[in-house]
């Protein structure tokens, strides 16, 4: 029997990664650090709910419990 914990934050990450069209978002960690996800190539969610982040400065593997929130709000468009 295989047991897997479900984390709502992981599902939200997956939803943001697979959104069409993709919109950049920010992952906020409990430490206060912000990880910007400008495109879906910099972040991966594994089947075991680990998050792999690589924005070109070195790969980081995060546990879902380190994530405080996801900011995916679009910035308002400037008036024409």
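Each value in this text was obtained by applying a stated rule to the coordinates, not by laboratory testing. Being a predicted model, the structure only gives us computed values, none of them experimental. With ideal geometry, Cβ positions are generated from the backbone for all residues, glycine too; neighbour counts draw on all protein chains shown.
Assorted remarks:
- Rounded, prolate or oblate (a/c below 1.5 giving rounded, otherwise prolate when a/b exceeds b/c) for region 8-71 by Cα gyration tensor: rounded
- Ranked packing of 48-54, 31-37, most packed first, by mean Cβ within 10 Å: 48-54, 31-37
- Region 8-71: relative contact order in percent, alpha carbon pairs under 8 Å with at least 6 residues between: 35
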